[in-house]
1. Pull up the stretch B:94-121, narrow it to residues that are β-branched (V, I, T) and crowded, with 18+ Cβ neighbours inside 10 Å, then point me to the one that is farthest from A:L165 (Cα to Cα).
2. If I go through the stretch A:230-243 residue by residue, how many of them are at pLDDT 90 or above and either more than 14 Å from every other protein chain (Cβ to nearest Cβ) or over 26 Å from A:V70 (Cβ atoms) (or both)?
3. I need the full set of residues from the stretch B:186-219 which are within 13 Å of chain C (Cβ to nearest Cβ) and over 29 Å from B:T62 (Cβ atoms), in order please.
4. Pairs under 8 Å by beta carbon, first residue over 30 Å from C:A124 (Cβ atoms) and of a type in the set (S, T, Y) in the stretch C:136-164, partner part of a helix (DSSP H, G or I) and at pLDDT 85 or above, six or more apart or different chains?
5. Of the conditions (1) polar (S, T, N, Q); (2) surrounded by 20 or more Cβ atoms within 10 Å (Cβ to Cβ); (3) in contact (Cβ under 8 Å) with a residue 40 or more places away in the chain, B:S217 satisfies every one except a single condition; which number is it?
6. How many residues does the stretch C:554-600 hold that are part of a loop (DSSP other than H, G, I, E, B) and more than 8 Å from chain B (Cβ to nearest Cβ)?
7. Step by step: first the residues of the stretch C:60-71, then only those that are more than 15 Å from C:I282 (Cα to Cα) and in a helix (DSSP H, G or I), then the one that is nearest to the chain's Cα centre (by Cα). Which residue is that?
8. Identify, by number, the condition in (1) under 19 Å from C:I75 (Cα atoms); (2) in contact with a strand residue (DSSP E or B) (Cβ under 7 Å, 6 or more places away or on another chain); (3) among the hydroxyl-bearing types (S, T, Y) that C:S242 doesn't meet.
Amino acid sequence: MDVSLGLLTNAVISGLLLGGFYAAVSIGVAISFGMLDIVNIAHPAFILLGSYVAFIGNSVFGIDPILAAVIALPAFYLLGMAAYQVYYVAFERRDDQSLRGLSFFFGILFIVEVGLILIFGVDYTSVQAWYGGGNLSLGFIELPWRLLVPFLLGMAMVAGLQVFLSRTFIGRAIQAVAQDQQALRLMAANPTRIKRIAFGLSFATAALAGAAMIIIQPVEPSIGREYIGRIFAICVLGGLGSFPGMVIAAVTLGIVESLTSTFFGPSWAPAVAFGVLLLTLAVRPSGILGR
Amino acid sequence: MPTSAPEPLLEVAGLSAGYGKIVVLRDVALTVGAGEAVALLGPNGAGKTTLLRAVSGLLPRTGQVKFAGRDMAGAGPGDTVRAGLVHVVEGHRVFTQLSVFDNLLLAGYGLPRPELTRQVEEALAFFPEIAAKRNDRAVTLSGGQQQMLAVAQGLVRRPKLLMLDEPSAGLSPVLVDRVLAAMVRLREAGTAILLVEQLIEKALAASDRVYALARGSIVLQARTDEADLPNRLEHAYFGQDVSAPLAS
Amino acid sequence: MTEAAAPIRTRGAAGTRWLGKLEGKISWILLGLAGLLLPLLDDSYIGTIATRAYIYWVLSAGLNLVVGYAGQIAIGWVSMLTLGAYTTAALAAGRVGPEWNSYLALLAGGAVGAVFGVVVGLPALRLRTFYFAMTTLGFATIVTQVALAWKDITGGGVGTPGPVFPWPFDPGWGFYYFCFILAALATWMTANIGSSRYGRALVAIRDAEVAAEASGIAKPKLLMLIFLLAGALGGVAGGLFSSLQSYITPDAFTFEMSVLFFIGILIGGRGSILGPLLGTIILTVLPEFAAPLVQWSTFLYAALLLVIVLVIPGGIADLLDYKNRRPLEQHREIVPRPELLPRVLDRPAAELLTLKNIALSFGGVRAIDGLDLEIRPGEVHGLIGPNGSGKTTTLNVISGYYAPQSGEVRLGGAVLPPSAAHLRANHRIARTFQTPRLIGGASVLDNVMIGGTIDGQGSFVESLVTLPRHRRDEAGLRAAAMLALQTVGLESLAAVRTDRLQHSELRFVEIARALMLRPACLLLDEPAAGLSTEEIRRLGALIKAISRAGTAVLLVEHHADLIFDICDHVTVLNLGKVLAAGTPAEIRSHREVVSAYLGA
């Protein structure tokens, strides 16, 4: 194990950029789980869906994958709203909710995954974009474009959503709905409608996260499973309900994974995420910046 | 006091409501006139909070509720609020992570922006103490201030009738007086009030009429200027069939 | 219901019980026969499928207790299969020292599973359900990763051969019967636990944890026992699996398999053995029908899962539950029989409950501010006061849910440890709750039997294999519960699912459950709420009779009528302090009390 400074620096920088991507991947769950307390374990499958949409846009229509995802945003948003509606109608009786809700999303996870396999097959797919290869050179640091662009996308998504939540009416309502639904009802606000919008937003982020994913690496439908552990580890480590915390957690995980990968081999990556999750739950369950 | 007796603002008749299998209210009837302050008193477990929740649409109910001449059958909380009947729940629950101003903006959900800002300012004018803290997060307010914020939230809609559920709960006597004084000012400005309270003397002092609710039904109704009210309330609370004699 | 009718009913009930027992057993007999006779088909393909189903069921039977009974979402239980498989394979192949005998290696696999079952289960004591699910998933991922990396023991990605069992259980039909026997054993043992006081206690922890504590059920110990058993069964299943596959690699233990076991139990329905068994069989057999495309089987699992979760949440067990589809009599009356109390409360000398100088604050609020209280046996002591006066808090201190910051609670001279709600049952302190806390999906009789959990003498192992002491326990508990139900007047509803009962009946069921402890002290938290006038009258008569039989009764109530009617002594609380104490007549005319209530 040759620990050169260059290797170390490279691993840390890659991890940092990867962290930005992980933030993009996790922000949807930060909304659905962190703010609405809905365990959407199927989120990774929809990210994959986003990846394939980006792929189609890129390979069939020749457009930039991120642009393809942006075009698909409304469709994902509507899909999210529909999914919430089903969830609400089926599980609004809250007694057994955690088990049945979780099972529901597991079912959705598998169905979406299988759907993607049947349509696209199990081989790896990738996109062609100008940032697919090559590095941005900043002095002695080399930043691969294929990591940098998803990083920037992730940061933009988090910033955008943060502004939305704190500056707009609906955003404030979303923050409030987690706290006191009854009070909202008495203000002529419909908590169900607000949650539906929030869930739609959560799905919309999956479209962009999917584009980011297929830029970083070639995808195939079942890689979503690796991300279940990562996403929930990040949300828990960051603290539910805190976007800044989530970003810090995402970057932390990215760096830890990158270092582990470099020095111990890439197959340990999924285990690392769960290890971080277990550690957080044991030591500080409310997360870094959790309330 | 209305001279030619027009239709009351709020008219409740034959109301029954409960939680799941438990029936709490049986066949309740009451009225509130425009600009009136009515107190709803009663021991714990009588169903006062349940009554407010049933009227504002948070709980399913059977029976008739008419507000401002309109039959409110099937109306949910949103419709009720838009009709001008606002319910401020007990426990001064505000959105702690949002600022005072944001809390008030949220209370006016759905109103067009210019109108909303104006009404928020009007509501704040009633409570200068919290107007000074408009940009502070609600969690930094004291209990009394949070209660005022909760009432102010109710005011944003310019309600015709404001239902207050135990605004004194958890507050020191000084703060209770302040909140009730604001309520009296509201009434003078024309808003009708239905006040649920545990503190009988203070509630009676601030109201025109009173209902007593015990074991799920109305057991007394009177004007607050009638004689012998405390004794009659006591009878109503403890039921008529009590064996021991009253102390003098 | 007249006196004459009662004895006839009992005899009839015994007769129907025999029929009921046979009715329940029919399915098992059929399944058993099917399994025994399957080899006659002489189709090795079907034999392999069936063997795989048995192996999956051995693991799922244990997991069923964890997920279906205890309600812990252990999604990653495939880790036990992995651990058991590799342990058995490695030992039998001589990778760790000399070659082990296959059967011993299998046993070792089970032992390793048991140990790690406890390890994986420990977080369940502290974590919310979803987080626990994630930790089990994480553990499964880590185990697979370790299997990949630890090449010396596991052969890494290349894999390792599984053990071959010698005659009479050699590969083929011999091994088939081996797995069949173990599956039958697993079914028998888990069914025994399921229908024992341990099984009932698990369901109580799942659905009514607070009430379970009050009945003396200690969650940590019980959960750890279940995880141990489930881990052991999973490990054994793993060993069998490695033999069936004859060669195992880390990717044989897939994410799908993880979820499959879980789905099988969910499809089967919670709190049942037969349901999950059928569910597991269905899920094992399904891929064979979807043979053309591997992905279709995953799709079918998911579709089946969605159908169950959305449409039939109770699963197969619910579909098979014909008993609870029979309509109930509409206008039922609750007619308690207080005269039975001496038999129910047959217990040693009565004891005095005293509270001395109790103080408790929540944040800045003094909930109880220097409280002295004395509750004498043979008396009904009423505790009343306005909202926020500290009545329920006092009750919670006595029953051990809150620890006071100062002062002590004594029963007959012995100091009761604060914050030890699950130990109160040992002191024969029973209570009811403001909102009835019962297990909706269980029968009324089961709910009442939970009250007597601590009276069972038999250990977990004795229940596992139904040794005589377990049988005596069960018979005794059943008889005591029926007697308690007769006392409160609800014995006709004993077999009915509790969530079908009216609210007032639920309150009386709670009292029956409390009576199972033969309490020295009975704490009642607003038992009259939601009852009709006539029901309140009967409740009052019952409570009075309970006190006259020697129990010290503390009654927290809002209903002034009930308090003044049956209480021998009344204490009025206001703002956490005693405002007045005395007979009902004295209290009723006490000026300050009236003012406090009227909120001056």
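The values are calculated or read from the model by the stated rules, or taken from the named source; none is laboratory data. Keep in mind the model is a prediction, meaning the values are calculated, not measured. Here the Cβ positions follow ideal geometry from the backbone for every residue, glycine too, while neighbour counts run over all protein chains shown.
1. B:V120
2. Qualifying residue count, the stretch A:230-243: 5.
3. Once the filter is applied, which keeps residues that are within 13 Å of chain C (Cβ to nearest Cβ) and over 29 Å from B:T62 (Cβ atoms), the stretch B:186-219 yields B:L199, B:I200, B:E201, B:K202, B:L204, B:A205.
4. Close Cβ pairs satisfying both conditions: C:T160/C:Y86; C:T160/C:A89; C:T160/C:A90.
5. Evaluating B:S217 over (1) polar (S, T, N, Q); (2) surrounded by 20 or more Cβ atoms within 10 Å (Cβ to Cβ); (3) in contact (Cβ under 8 Å) with a residue 40 or more places away in the chain leaves (2) as the failure.
6. Looking only at that region, the number is 6.
7. C:Y69
8. (1)
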